[in-house]
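Take a look at the structure set out below.
Nothing in this text is a laboratory measurement; each read-out follows from the coordinates by a stated rule. All figures in this text were calculated on a predicted structure; none of them were measured in a lab. Please note: Cβ atoms are built from the backbone with ideal geometry, for glycine as well, and neighbour counts cover all protein chains shown.
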Amino acid sequence: MSEAIEGTVRDLSRFGEGVVKTALGLVFVPGVLPGERVELTSIRKRAKGVLYTDKVRVLDRSTQRQEPTCPIVGRCGGCPMMVASPKLELKFKRELLEDALRGLPGAEQIERGWVSPVTTLRYRQRARIAWSAGRSRPRIGYRAPRSNDITDVRRCAVLHPVLDTALSKLRAAAGSHLCGEGSIHLALGAEGAAVVALRSDEMQPPEVFSALESLVSNGSLAGAALRAGGATADAVWGAPREVRAGIDGLPLLGTIAGFSQAHDEVNRALVRRVQELSETDGKDVLELFAGAGNLSIALAPGAKSLVAVEQNEAAANACRENLRARGLTATVRTGDAETYRAPIPPDVVVLDPPRVGARGAIARIIKLAVPTVVYVSCDPPTLGRDLKTLCDAGWVPTDAHAFDMFPQTAHVESVVRLRRR
């Protein structure tokens with residue numbers, strides 16, 4: 001639809017888009033805020049019949065609107081809340097957690113907490129950037145809202161300065177040679193230098209290999225890895241390994257293309273809260289979706305036993321290495337956390353699943369009748385689903401804490417503790 005239509009922003013979707021009430025129905029629009037009167041053009045249907053447009057003119061501005069730091073907000077899907085005041089962003093994210101808790105037994109009595117970071121820009125210590133190379137110069141950046149299209153990003157206001165600079169240098173050295181589609185994983189490595197890992201199903205030309213080698217040899221990168229065209233192993237230059245500070249201040253080794261939290265300040269607060277809520281002293285602890293040991297190194301001290309389960313072999317090896325470096329005793333199992341069979345019934349289960357949640361793991365927790373469950377979540381809807389399953393089986397949530405791990409975005413990290421009745 002090309003002709004203009006007016007509407008009023010009713011509220012925000014869970015992705016941070018404005019939900020605009022119009023004569024055509026509800027239209028999802030990035031970059032607008034509740035209460036604003038807007039004029040829309042180029043409305044089109046997306047997946048599942050959702051009406052969407054990013055062609056918008058704000059007629060009546062909200063008092064909660066602020067000028068975004070980034071010039072491509074709305075076109076880039078990375079930071080939809082950058083146009084909102086901190087007050088509105090906080091309200092929005094708290095409501096996401098409340099939606100997950102709504103209807104649970106004793107929801108009104110749950111002890112709640114919220115952690116906001118001091119640093120809200122230049123904080124991301126890791127990121128995954130996409131590229132797409134057609135007939136023209138490759139686009140390198142983040143996905144557009146509700147689309148697989150890539151918005152070309154020259155500078156990123158939330159990316160750590162070291163990584164932002166590294167991405168610019170990588171673009172200059174290799175960008176014009178990239179083929180097909182792929183992803184660039186960025187993280188901080190040894191001594192705070194940047195490391196990258198490139199992944200693509202397409203074969204990449206020699207110029208890309210040469211560019212990565214040159215960037216490492218001249219000190220622009222601490223390490224680089226490339227796996228492309230069906231290869232089963234990485235081509236490696238330097239030391240392409242994530243290194244960040246653990247909760248104890250010692251180096252925590254990770255994997256570039258694996259999972260770790262993006263905001264160091266907020267991550268420390270989250271790990272401390274998980275440690276407090278788990279009350280592991282003298283107890284048998286099972287940790288599911290352990291990753292490289294971000295939580296493991298906080299759960300192991302004082303525990304009678306710790307079994308950490310992680311499916312990704314490289315991450316599981318890093319977890320073992322991080323525990324060993326601290327002289328901590330734990331068993332790390334490489335396997336699927338959803339189907340893992342605990343050798344002994346644990347006193348505490350700590351789980352940190354991906355966005356899809358943990359249906360299988362929750363079913364096993366119920367069979368084991370685990371007294372205490374601490375659930376770390378990056379997705380409120382799947383958190384709510386899994387909490388309801390546990391509550392229906394006899395668990396009661398006692399604590400729920402939200403962490404603004406990704407300022408300027410619509411994402412919120414949560415930690416919920418449940419006890420078995």
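Is the C-alpha gyration tensor of segment 126-243 telling us rounded, prolate or oblate? Criteria: a/c under 1.5 is rounded; beyond that, a/b larger than b/c is prolate, otherwise oblate.
Values: a/c = 1.62, a/b = 1.15, b/c = 1.41.
Oblate, because a/c is 1.5 or more while a/b does not exceed b/c.
Fewest first, what order do S116, S414 take by the number of other Cβ atoms within 10 Å? Display every interim value, and only then the final one.
Details: S116 16, S414 24.
If I rank by nearby Cβ atoms, fewest first, I get S116, S414.
Taking 0.36 nm per residue of sequence separation and subtracting the Cα-Cα distance, how much length would be gained by fully extending the chain between R122 and S147, in nm to one decimal? Working shown, then result.
Working: separation 25, 0.36 × 25 = 9.00 nm, distance 2.49 nm.
Stretched fully, the R122-S147 segment lengthens by 6.5 nm.
Mind giving me the nanometre distance, one decimal, between the label points for K367 and R420, set 7 Å out from Cα along Cα→Cβ?
Taking the two extended label points, one gets 1.4 nm.
Roughly speaking, what is the stretch gain from E6 to E202, that is 0.36 nm per residue apart minus the C-alpha to C-alpha distance, in nm to one decimal? Don't jump to the answer; show the numbers that get you there.
Details: separation 196, 0.36 × 196 = 70.56 nm, distance 4.44 nm.
Full-extension gain reported as 66.1 nm.
How would you classify the chain from its alpha-carbon gyration tensor, with a ≥ b ≥ c the square roots of the eigenvalues: rounded for a/c under 1.5, else prolate if a/b is greater than b/c, otherwise oblate? Walk me through the intermediate numbers first.
Working: a/c = 1.96, a/b = 1.12, b/c = 1.75.
The shape class here is oblate.
In terms of Cα to Cα distance under 19 Å, which aspartates and glutamates are near enough to K55, apart from those fewer than 8 places away along the same chain?
Straight-distance partners of K55: E3, E6, D11, E17, E36, E39, E67, D149, D152.
With each pseudo-label sitting 7 Å past Cα toward Cβ, what's the K87-L250 distance in nm, one decimal?
4.6 nm
If I build a Gaussian network model for the chain, linking alpha-carbon pairs within less than 10 angstrom, which residue out of V356, V285, V373 has the largest mean-square fluctuation?
Most flexible of the set in this elastic network: V356.
Distance from a point 7 Å along Cα→Cβ of R37 to each backbone N in segment 53-81: keep the residues under 13 Å and list them by number.
From segment 53-81, the list is 58-62.
How much of the DSSP beta bridge set in the chain is antiparallel, as a percent to the nearest 5?
Details: 64 of 96 bridges.
If I count the DSSP bridges inside the chain, around 65 percent turn out antiparallel.
In which sequence would W114, W237 go, from the one with the fewest C-beta neighbours within 10 Å to the one with the most? Kindly include the intermediate steps, with their values, before the conclusion.
Numbers: W114 14, W237 20.
Taking fewest neighbouring Cβ atoms as first place, the list is W114, W237.
Determine the calculated [θ] at 222 nm for the chain from helices alone, applying -39500 (n - 2.57) to every DSSP H run no shorter than 4 residues and normalising by the residue count; nearest 500 deg cm²/dmol.
Computed mean residue ellipticity for the chain: -7000 deg cm²/dmol.
Taking the beta-carbon count within 10 Å as an exposure proxy, list T398, T329 from fewest neighbours to most. Working shown, then result.
Details: T398 15, T329 12.
Ranked by crowding around the Cβ, least crowded first: T329, T398.
So if R0 is 35 Å, what FRET efficiency would R44 and S214 give, r being the distance between their Cβ atoms, rounded to the nearest 0.05? Kindly include the intermediate steps, with their values, before the conclusion.
Details: r = 43 Å, r/R0 = 1.23.
For R0 = 35 Å, the calculated efficiency reads 0.20.
At 0.36 nm per residue, minus the direct Cα-Cα distance, what do E313 and E108 gain on full extension? Give it in nm, one decimal, please. Walk me through the numbers before you get to the answer.
Numbers: separation 205, 0.36 × 205 = 73.80 nm, distance 4.12 nm.
Gain in length upon complete extension: 69.7 nm.
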